[in-house]
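Since the structure comes first, as structure tokens, the remarks are kept for the end.
Coordinate-derived values only; no laboratory data. Note that the structure is a prediction, hence the values are computed from the model and not measured. Please note: Cβ atoms are built from the backbone with ideal geometry, for glycine as well, and neighbour counts cover all protein chains shown.
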Amino acid sequence: MITNDKQYKSARLQIVRFEEALTALDSAPATLPQALVQAQRDALVSQIEELREDADLYDRLRAGQVTEFAAENLAELPDILIQARIARGLSQRELADYLGLKEQQVQRYEAERYRSASLDRLIEVSDALGVQVAKRAELVGDATLRSVDPNTWQAFPLAEMYKRGWFEDFEGSLADARKAASEIIPAFLRGGQARNAAPALHRKSVRASGQVHEAAITAWEARVRRLAERDAPTSPFSPDRIDDAWLADLLALTLQSDGPARAIEHLRKIGIALVAEKHLPSTLLDGAALATLEDYTIVAMTLRHDRLDNFWFTLFHEIGHLKFHIGQGFASIFDDTDAPAGSDIETQADLFAQEMLLPSAKWALGISRFTRNEQAVRTDAKRFGVGAAIIAGRVRREAHDYTLLRNLVGNGEVRRQFGWQRRD
């Protein structure tokens, strides 16, 4: 079984080599015994079919096309756990982070098909991957983010949450936290959700490029709600307050070197709490728009890409959700802006962000659309009254070339404004 990208690439390369060898047999000297040639052919065909089957399965797992796994007996559980990890979009390193282990340990487990793992460890891995085993094994949950039971605490990335200091009232080591996990996980979630989120109305949506780990999303959401609550806006939010004048003032901040930091207060004035918290492994979030039971709303950002162009697009995208979607059937919307839109609400939010930052009518007159150099970008930025990073980001996206204009997209200019100088 293929367990990682390195093995996958090697398998695909080997298939090509075997196919070339198979073709070469067609021109083998006639003096060679036909029985020998046929034996070589059969061996190559068998190897190609086996490699192709493994590689195709890996493709389907990575694409999220496999969510159920058949097993004849418990001896097949290790293979199911490996396939489930791949189907969840987790690397061996990310699974190790969830379990509080070193990457090499997970690699060793999978290489030996978990022969040295204890039953407790197998259960821990199953819970972390959201694998439910009955008469058959299947992944539990889907991209619509149904509610997560806080009592199934094993599914949460406890080691990472502990490392980040999220259990603020807990005193003890990571080992102590593991022993008390059945208490501290539910308490953490209650503290981060119950006071400002309505479970009955808590319909969620997620835009993601792969399988979603519901427990990690739930934990991250609880964390950002806690952060927002500490200094909640006192001004009430209404979608009507996101008007042309307010948006124009926000757009003007793209011209300021400290624009992201200034945006915090600008959003706060109309009842939006802007908070930042790094995403958890496997979630690949860029931002989220969240409703609360109070009078304010939340825009949460992960700053996954430390660039000005990404920050401003994600921010305007989430504001679009607040204006059009939050409160209109959704209480939480999570976004991986690298993923395809995939729904009407995401298409609308993308279009809102694009048109607010750089209207199509202006962009049609842009010099940098065709002359993709720094001078053209700066000229367009001055003409259109927007930060150069916005223009550069638009050029890169439309050209599908992210090597362009690297000096203008504001690399390393966002996290430091949120006090993240030493964070990954």
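Values for this structure:
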read-out	value
Options (1) 1.34; (2) 1.16; (3) 1.00 - which one matches Cα Rg over 2.2 N^0.38 Å as calculated here	(2)
Relative contact order %, region 260-378, counting alpha carbon pairs below 8 Å whose residues are six or more apart	22 percent
Estimated Rh, region 197-418: Kirkwood, alpha-carbon pairs, angstrom	17.6 Å
Under DSSP loop assignment and at most 11 Cβ neighbours within 10 Å, longest GluC sites (Glu not before Pro)-free interval of the chain	172-424
Geometric extent, Cα atoms of region 31-106 - Rg, Dmax (angstrom)	18.3, 62
Cα centroid separation, region 339-353 to region 211-251 (Å)	18 Å
Order of Ser205, Ser360 - criterion: other Cβ atoms within 10 Å of each residue's Cβ, fewest first	Ser360, Ser205
Count of Lys pairs (Cα-Cα under 16 Å; at least 8 positions apart or interchain) in the chain	5
Exposure proxy order (Cβ contacts within 10 Å, fewest to most) of Val45, Val386, Val377	Val45, Val386, Val377
Relative contact order for the chain, counting Cα pairs under 8 Å that sit 6 or more residues apart, in percent	12 percent
Farthest toward positive dipole pole in the chain [+1 Lys/Arg, -1 Asp/Glu at C-beta], among Ile333, Leu227, Ala35	Leu227
Whole-angstrom Cα spans of region 68-139 along principal axes, big to small	32, 24, 18
Sorted by Cβ neighbour density within 10 Å, fewest at the top, the residues Thr403, Thr314	Thr403, Thr314
Summed residue charge, Cβ within 13 Å of Ala43's Cβ, Lys/Arg positive, Asp/Glu negative	-2
Whole-angstrom gap from region 289-337 to region 378-415, using each part's C-alpha centre	22 Å
Theoretical ellipticity at 222 nm over the chain - DSSP helices of four or more residues, -39500 (n - 2.57) apiece, nearest 500	-15000 deg cm²/dmol
For region 5-62, the fraction of alpha-carbon pairs in successive 5 Å shells from zero, as %	4, 18, 25, 19, 13, 9, 7, 3, 1, 0
Cα coordinate range in region 218-258, projected on the principal axes (Å, largest first)	34, 27, 19
